[in-house]
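To start, the structure itself, in structure tokens.
Rule-based calculations on the coordinates, nothing more; no lab input. This structure is a prediction, so every number in the text was calculated from the model and none was measured. Don't worry about glycine lacking a Cβ; one is built from the backbone with ideal geometry, like all the others, and counts go over all protein chains shown.
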Amino acid sequence: MTTGAKAIVLLSGGLDSATVLAIASRDFACHAISFNYSQRHCSELQAASRLAQIAGASQQIIQLDEGVMTGSALTDATIEVPETGPGEGIPVTYVPARNTVFLAHALAVAEVQGSSDIFIGVNAVDYSGYPDCRPDYIAAFEHMARLATKAGVEGGKLKIHAPLINMSKAEIISTGIQLGVDYALTVSCYQADSQGRACGLCDSCRLRRNGFAAASVPDPTVYRQPQI
């Protein structure tokens, strides 16, 4: 059951954000925000729209100018997506300032809509090592948001919710299953095709597949090639 309060939910269309939407929907009327930032494919945006509709959430897709987030394998077709598993350091799939840009937009929408709650599906356990997925980052952004907004200065208690941040991928999946998330509708692959079929080789696919295995839940992902 939801209350009259509204939450802003960053919804990519992937496994984690779908779970966060389900979590937020328990207590809030949700407004989902998705972004077209010239990523490699639009399958995840299509998934986000399906998920928002099923959850009964309003949704807006924000268009970012092409070139704002270049320099990543997820936004530049000339940079290959790694398919050999995690390496050392921050991977080439890191998108410059992505969560900061996304949260800034969410913060503006939250003020406009009178919301004090923003949900994001960052995870610091089973993730690719991105610096904007850490607890310290979320805490710092929340502090900044309270300093930099009219609502915050006037005493509003704006909260950045990151309910998955300390959960394993298996724990995230188990939580979502309990909440009725249909993971077959989600797209996590860094290089999914136009039909949303996953490569099975990128870091995101590996984390997702291992999570389903660890949770003892059948993997509903549709792959372009059979998985061994």
| task | Would you be able to say whether some residue in region 4-13 is without any contact (Cβ under 8 Å) to a residue 40 or more places away in the chain and over 13 Å from the mean Cα position of the chain (by Cα)? | result | yes
| How about region 123-141: which of its residues are of a type in the set (A, V, I, L, M, F, W, C), over 16 Å from Phe102 (Cα atoms) and part of a helix (DSSP H, G or I)? | none
| said: Step by step: first the residues of region 35-67, then only those that are of a type in the set (S, T, N, Q) and in a strand (DSSP E or B), then the one that is surrounded by the most Cβ atoms within 10 Å (Cβ to Cβ). Which residue is that? | reply: Gln59
| Pairs where the first residue, in region 66-79, is more than 14 Å from Pro91 (Cβ to Cβ) and the second is in a loop (DSSP other than H, G, I, E, B) and not hydrophobic (A, V, I, L, M, F, W, C), C-beta under 6 Å, 6+ apart | Glu66/Ser38; Met69/Tyr37; Met69/Thr75; Met69/Pro96; Thr70/Asp76
| query | Looking at this structure, is Glu83 in contact (Cβ under 8 Å) with a residue 12 or more places away in the chain, outside any strand (DSSP E or B) and either over 14 Å from the mean Cα position of the chain (by Cα) or surrounded by fewer than 18 Cβ atoms within 10 Å (Cβ to Cβ) (or both)? | reply | yes
| task | Count, please, the residues in region 142-199 that happen to be on the phi > 0 side of the Ramachandran plot and either without any contact (Cβ under 8 Å) to a residue 24 or more places away in the chain or part of a helix (DSSP H, G or I) (or both). | result | 1
| Is it the case that region 21-34 has a residue that's crowded, with 23+ Cβ neighbours inside 10 Å, hydrophobic (A, V, I, L, M, F, W, C) and within 20 Å of Asp193 (Cα to Cα)? | no
| request: Can you confirm whether region 8-27 contains a residue that is more than 17 Å from Thr175 (Cβ to Cβ) and assigned to a helix (DSSP H, G or I)? | output: no
| What pairs can you find where one residue is in region 99-112 and closer than 18 Å to Asp65 by Cβ, the other is surrounded by fewer than 18 Cβ atoms within 10 Å (Cβ to Cβ), and their Cβ atoms are less than 7 Å apart, with a gap of 6+ or different chains? | His105/Ile62
